[in-house]
Amino acid sequence: MASKFTRSNRTGWMMAGPAAALMAIFVVLPFLFAIGLSFTNQRLISPNPTQFVGLSNYEQLLGVGVLTLAPETDTTGAVLRDADGKPSYPSVRSFTRNNDQYPQYDGMREWFSFGLGDNQVYVLGRDIVFLKALVNTVIFVLVVAPVQGGLALGLALLINQRLRGINLFRAIYFMPVVVSIVVVSLLWRFIYDGNSGLLNNLLGAISLGTIPRIDWLGNPGTALGAIIAMSVWQAVGFHMVIWLSGLQTISPTLYEAAAIEGASPWQTFRYVTWPGLRNTAVLVLIVITMQAFSLFSQIDVMTGGGPLDSTQTIVFQAVERGYGKQDISGGSTISVVLFVIVLSISLIQRWLTREKK
Amino acid sequence: MARVSLSGIKKNYGGVEIIKGVDIDVADGEFTVFVGPSGCGKSTLLRMIAGLEDITGGTLTIGDRVVNDLPPKDRSIAMVFQSYAIFPHMTVRENLAFGLTIANAPKAEKDAKVAEAARILQMEHLLDRRPSQLSGGQRQRVAIGRAIVRKPGVFLFDEPLSNLDAALRVDMRMELAKLHADLGATMIYVTHDQVEAMTLADKIVVLNAGIVQQVGTPLELYHRPANLFVAGFIGSPKMNFLKAKVEAVDATSVTVGSPDIGTLVLPKANVAAAVGDAVTVGMRPHHLTLGGAQDITGRVVLVERLGNETLTAIVLASGQQIIVALPGDIEVMAGQQLHLATQAERACLFLANGLAA
């Protein structure tokens, strides 16, 4: 029989009160603030009054345009070509700067371009850095979610057996998780060092010096990859533990039944283990996706978004804008955009992985 | 169809001997029940036959093959587990066909075998349901169906009815008996429930502490238990054990006596006992009757009325308590003195070493 103490509504609220108040102050309120600020021109510290600016922050952030340019021709209509035989095009700047005929492109910069027949298609953006950050973040998520989830499952399968000293392995794989990401990032900066980093020395040693030294974090081609690898390593233990808990809920007799029916290890995984992990898989996938979208600390410690914006990310940009540049409304706008992206993806993942009746 | 032969079977876990050399022969088509208290090793023994546990020593033969080192699927066995072990994410049809799916059998073969198993178990209407939509009895039927589809030489049952409620257990017990009659297959059945053992078995193997206590038909075990353990284990309520001393021995009978039972002449031939030996007289509660000769007198301390019989606990002069099962609904009350007649020809006699005389 429940006592009055556990049934009283007032007691319940008083118990939950401190936590609820803290959550309201530090989670709900800032969230609502961010939405509100994203419609203003508020700066972090400014003598000017705040003005409502509608959606212009969003237009500034997400504005993109496509400009298709035909090659320049001479008076006979023949395409003008440069010394390499490539056609030459009018400069993009002539459309995006002070051109009254194309007001929609005003202030935009080239994001990327590609050839389409003789024409050249330019994709323009108002905020190229943010767009790069968006792409980098999406790449990060697309690589980290399957790789980290898969590796974590593999490790979980390995440590889900009765072996002498198995807890030692569990502890080792889990260790990076309990170390602060900032510390891990600092350590990996040494590992990735271009001159005497551990990774370069290791590669040099096993290749007998044939692999050249690479400045992993200083090279636009390798910086994001390096951060992905380190991030996967850091959090894989956490998801391993979640997988492990899922594995341990599967009844051992199901494996015995499968063994009696003659299932091979792969068939056992396919027909017993994987279906039993369905709910765990949804959880792991959504958690990894959300964590990956909020990539910040590694960037802040290791590259600061560089080189050449190759490791810019959404959250890094939000912080950079809001506090670095004191543009709190711009930072808020990025946060809201990120929120919408993560929410939509989580909903889609839930819908895709729903239990089919 | 296959005969099963266990010869000197042993099982150690670490240094602990669980099965201490077991010899059992199960004839082709025989329904054999392993029965014993918890921890007697009966399930371990079954799992060793199935191939789910390694055999430490001895020889296990199924059909004409020694199968000690064969994997479960090659032993021509099918097993039904206490927890059903049906795959929760598969329909009944998929569960029944699991072994065939694993073996890449053609669809026509699968359909035919599933249909046959479903017909035998009368569950055609359940084929497209999922286990979560089935009752406990239906789930166990699916598990039995999956065993039937394998067409094994030997069916192994590991306490298949223990998770069912009492009424359903009685129904399923009858169905299992009918199934055995229909299929004529060799079946080995593990249970701690002696009613299941008595009703289903052609042959019962009583196990205790990893040693076979007695092998025989249900009625042999009931009427001629080989030792005190079997006498106490088979039969409900338990057999009453009364201490006595041998007063006389001749070629066709032995006379025993004690203050509780007076002097009793048991018609046992060639008993290896001498006058003055301490022995134990076993009397089943159903073999004590009211009226007639008044061999035993005691005071009633507890009455349990079951309608068809009345179980009465009686304290004798020495303070020992015995149970008497009196037919019908007899008027007895706590505190009342009862005079009971023994049936000497049905009493058992156990020597000091616990073996039956």
* Of the cross-linked pairs B:LYS10/B:LYS238; B:LYS42/B:LYS245; B:LYS10/B:LYS203; B:LYS73/B:LYS107; B:LYS42/B:LYS73; B:LYS151/B:LYS203, which ones have a Cα-Cα span greater than 24 Å in the structure shown? -> B:LYS10/B:LYS238; B:LYS42/B:LYS245
* To do: Please report, largest first and rounded to whole Å, the three semi-axes of the ellipsoid equivalent to the range B:240-350, where each semi-axis is the square root of five times an eigenvalue of the C-alpha gyration tensor.
  => 27, 14, 10
* To do: Provide the gained length on full extension for the span B:VAL301 to B:THR217, in nm with one decimal, where the gain is 0.36 nm per separating residue minus the Cα-Cα distance.
  => 26.7 nm
* **Which of A:HIS239, B:HIS223 has the fewest Cβ neighbours within 10 Å, and the rest in rising order** => B:HIS223, A:HIS239
* Structure fact -> With a Förster distance of 22 angstrom and the Cβ-Cβ distance between A:PHE190 and A:THR210, calculated FRET efficiency to the nearest 0.05 equals 0.40
* Would you calculate the separation in nanometres between label points at A:SER88 and A:THR73, each defined as 7 Å from the Cα along the Cα-to-beta-carbon direction? => 1.8 nm
* In debye to the nearest 20, how big a dipole does chain A give about its Cα centre with +1 on each Lys and Arg Cβ and -1 on each Asp and Glu Cβ? -> 1640 debye
* Sort B:MET48, A:MET302 so the one with the fewest other Cβ atoms within 10 Å of its own Cβ comes first. => A:MET302, B:MET48
* Structure fact -> A student applying the Cα gyration tensor rule (rounded when a/c is under 1.5; otherwise prolate if a/b is larger than b/c, oblate if not) would label the range A:129-352 oblate
* With a Förster radius of 45 Å, plug the Cβ-Cβ distance of A:ASP106 and A:SER294 into 1/(1 + (r/R0)^6) and report the FRET value to the nearest 0.05. => 0.85
* To do: Report, in degrees rounded to the nearest 10, the 0 to 90 angle that the Cα long axis of helix B:166-183 makes with the longest principal axis of chain B.
  => 70 degrees
* Asked: Spin-label point model (7 Å from Cα, Cβ direction): what's the A:LEU168 to B:ARG346 distance in nm?
  -> 6.6 nm
* Dimensionless Rg/Rh of chain B - Kirkwood Rh, Rg from C-alpha atoms -> 1.06
* Structure fact -> Among trypsin sites (Lys or Arg not before Pro) in the range A:114-194, those in a DSSP loop whose Cβ has at most 10 other Cβ atoms within 10 Å are A:ARG162, A:ARG164
* Provide A:SER46, B:SER83 in ascending order of the number of other Cβ atoms located within 10 Å of each residue's Cβ, fewest first. => A:SER46, B:SER83
* With viscosity set to 1.567 mPa s and temperature to 4 °C, compute the Stokes-Einstein D of the protein assembly as shown, Rh being the Kirkwood radius across alpha carbon pairs; µm²/s, no decimals. => 38 µm²/s
* To do: Using label points projected 7 Å from each Cα along Cα→Cβ, tell me how many nm separate A:SER46 and A:TYR58, to one decimal.
  => 2.0 nm
* Structure fact -> Hits for chain A under the membrane-span-like helix rule (DSSP H, Cα axial span at least 30 Å, Kyte-Doolittle mean at least 0.0) are A:128-159, A:223-248, A:328-352
* How high is the FRET efficiency between B:ALA103 and B:HIS125 when r is their beta carbon distance and R₀ equals 35 Å, given to the nearest 0.05? -> 0.85
* Structure fact -> Residue-normalised 222 nm signal for chain B, counting each DSSP H run of n ≥ 4 as -39,500 (n - 2.57), nearest 500 deg cm²/dmol, is -6500 deg cm²/dmol
* Asked: Out of A:TYR105, A:ILE345, A:VAL282, whose Cα points farthest toward the positive end of the dipole of the protein assembly as shown (charges: +1 Lys, Arg; -1 Asp, Glu; placed on Cβ)?
  -> A:TYR105
* **Cα-centre dipole for the range B:240-350 with unit charges at Cβ (Lys and Arg positive, Asp and Glu negative), debye to 20** => 160 debye
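Coordinate-derived values only; no laboratory data. On a predicted model such as this, the values are computed, not experimentally measured, just so you know. Positions of Cβ are generated from backbone atoms using ideal geometry, with glycine treated the same way; all protein chains shown enter the neighbour counts.
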